[in-house]
1. Restricting things to alpha carbons, find the Rg to Rh ratio for the chain using the Kirkwood radius for Rh.
2. At a 10 Å Cβ-Cβ cut-off, how would you order ILE91, ILE113, ILE71, fewest neighbours first?
3. Compute the signed sum of charges (Lys and Arg +1, Asp and Glu -1) over the other residues within less than 11 Å, Cβ to Cβ, of TRP30.
4. How big is the stretch 59-114 along each principal axis, measuring the range of its Cα positions in Å and listing the largest first?
5. If we count other beta carbons within 10 Å of each Cβ, what is the order of LYS114, LYS33, fewest first?
6. Could you please report the charge total around TYR104, scoring K, R as +1 and D, E as -1 over all other residues with beta-carbon less than 14 angstrom from its beta-carbon?
7. Let's see if you can work this out: charge +1 on each Lys and Arg Cβ, -1 on each Asp and Glu Cβ, no other charges. What is the dipole magnitude of the stretch 12-114 about its Cα centre, in debye to the nearest 20?
8. Work out the charge dipole of the chain with +1 on the Cβ of Lys and Arg and -1 on the Cβ of Asp and Glu about the Cα centre, then indicate which of ASN51, VAL75, LEU13 is farthest towards its positive end.
Amino acid sequence: MFAHLSALAGGLLTSAIGGWGFFLGPLVIWLMKKDTMPFVADQAKEALNFNITVSAVFLALLVLSLVTLGIGFIVTLPIMLIVGIAALVLIIMAAIKANDGIAYRYPFTVRLIK
C-alpha cells in the first residue's frame, strides 16, 4: 500500500520543483524489497511503471505547450487536469486493493520495468 501512496507523497514533497518526485517512493521501495517480499516488489514495480507513464504524459503535454509558444496550454491544461485527477483516483484505488492483499494493475501503463 505504501508503494502506491508514496507516489503522492513524493509528488507533494517535490511540488516546489515541479512535482517530478512521483516515481521516487515506489523506486526506493522496489529496490529495497525486490528480493525479500515478492508482493511488495510487484506492487512497487507497478506503481513505479504507472508513475513513470504519468510523468511522461505530463512532460509531453508540457513540451507541446512550450512548442506552441503557450497557445497549446488552452488544450493541454484541461488534459493535464483530467490526467492528474485520474492518476489520483487510480493511485487511491491501487492502495486500497494492495492493502487488501490483491495485486492491482494500472490501466494504460507502459510497463518499462519488468
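1. Working: Rg = 14.8 Å, Rh = 14.5 Å.
We get a ratio of 1.02 for the chain.
2. On the way: ILE91 23, ILE113 14, ILE71 10.
By the 10 Å Cβ count, ascending, the order reads ILE71, ILE113, ILE91.
3. 0
4. So the extents along the principal axes, rounded to whole Å, are 47, 24, 11.
5. Values: LYS114 5, LYS33 18.
Least to most surrounded, the residues fall as LYS114, LYS33.
6. Details: positive: LYS45, LYS97, ARG105, ARG111; negative: ASP42, GLU46, ASP100.
Charge balance near TYR104 sits at +1.
7. Working: 7 positive and 4 negative charges, 36 e Å.
Dipole of the stretch 12-114, to the nearest 20 debye: 180 debye.
8. It is ASN51, whose Cα lies furthest towards the positive end.
Values in this text are rule-based calculations from the coordinates and carry no lab data. Keep in mind it's a predicted model, so treat the numbers as computed, not measured. Because the Cβ atoms are built from the backbone with ideal geometry, glycine has one as well, and the counts that use them run over all protein chains shown.
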